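Visitor: Got a structure here, written out as C-alpha cells. Questions coming.
The values are calculated or read from the model by the stated rules, or taken from the named source; none is laboratory data. Here the structure is a predicted model, which means the values were calculated and not measured. Neighbour counts run over all protein chains shown; Cβ positions are idealised from the backbone, glycine included.
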Amino acid sequence: MKTLTPGEIALYCDVHQRTVSRWIASGQLKGFKLPGRGNYRVVLEDFICFLNQQKIPIPASLTAATRILVVDDEASYRKAIFRVLQQSGFDVMLAADGFQAGLLLVQYKPAVMTLDLQMPGMDGFEVLKYIREDPELTKTKILVISGLAQSDLDKAITIGADATLSKPFDNTNLVEAIQQLIT
C-alpha cells in the first residue's frame, strides 16, 4: 500500500503543506496519523479519489505506468470506459472483440484489462481462458464488465477474472475497481 506525505500531496496540488494537513484534519481528504510524532499519511488511492471528487486532474506520474486494455464490442461502452479511465490518468487502449484483444495483449502488455463477456466471435469466456493458459499473460488483472446475469459473472470469476462489474455501472465504481486491482 503506497502512501503519500502532506508535503508530497502539496507538491502535486501546488498548495502549502498546511493546507493539506487542514484537508486531512477536516475530513476532506482521508488520511491517518503515524504513531509517535503524529505525522499524517494518505493512501495513494484515497488521494486519487480526493482528486476526482475535487475535479483536479490526476498527475500522470501517479498512474502513468498503469496500462489498461478495454475490450467491448459496444462502441458506446468502449468509449465511456475509455473516457473515464483516461480522465483518471490511465494509459488506455481499445479493442472491439476478442481477437483484437489477443493481439493487443501480447503487444501492449496491460496491467489490467476490462472485458465484456458477450461479444461476437471469440467471447469473453474464451478470452479469459486464453489469458489464464498463457504463461506470459497470467499476471494481467481482469475486470469483467458485463450486462449478463450474476451467474455468468460468477462463472467468469471461476474461469479466472479478478473482479466483476455489472452494466450499467457507476464511473466511480469503475475507477475504484481498477485501483483495487493495481494495488
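Visitor: For the stretch 74-95, what are the residues that are basic (Lys, Arg) and at pLDDT below 90?
Guide: Passing the criteria: none in range.
Visitor: State all residues of the stretch 1-29 that are β-branched (Val, Ile, Thr) and under 16 Å from Pro57 (Cβ atoms); if no residue qualifies, say none.
Guide: Residues satisfying the conditions are Ile9, Val15.
Visitor: Within the stretch 30-53, count every residue that is in contact with a Pro (Cβ under 9 Å, 6 or more places away or on another chain), more than 22 Å from Gln86 (Cα to Cα) and not small (Gly, Ala, Ser).
Guide: Number of matching residues: 4.
Visitor: Would you check if there is a residue in the stretch 26-43 being touching a residue at least 40 places away in the same chain (Cβ under 8 Å) and over 14 Å from the mean Cα position of the chain (by Cα)?
Guide: Yes - at least one qualifying residue is present in the stretch 26-43.
Visitor: Of the residues Leu153, Leu137, only one is crowded, with 17+ Cβ neighbours inside 10 Å, of a type outside the set (Val, Ile, Thr) and assigned to a loop (DSSP other than H, G, I, E, B); which?
Guide: Only one candidate qualifies: Leu137.
Visitor: Scanning the stretch 96-128 for residues that are of a type in the set (Val, Ile, Thr) and crowded, with 16+ Cβ neighbours inside 10 Å, which turns out modelled with the lowest pLDDT?
Guide: Val127
Visitor: Please state which of the following conditions Thr19 fails to meet, knowing it meets all the rest: (1) over 21 Å from the mean Cα position of the chain (by Cα); (2) among the polar types (S, T, N, Q); (3) in the same structural domain as Glu136 (by TED's automatic domain parsing).
Guide: (3)
Visitor: Can you name the number of the only condition in (1) of a type outside the set (Ser, Thr, Tyr); (2) touching a residue at least 12 places away in the same chain (Cβ under 8 Å); (3) over 22 Å from Asp152 (Cα atoms); (4) assigned by TED's automatic domain parsing to the domain that holds Asp154 that Leu103 fails?
Guide: The failed condition is (2).
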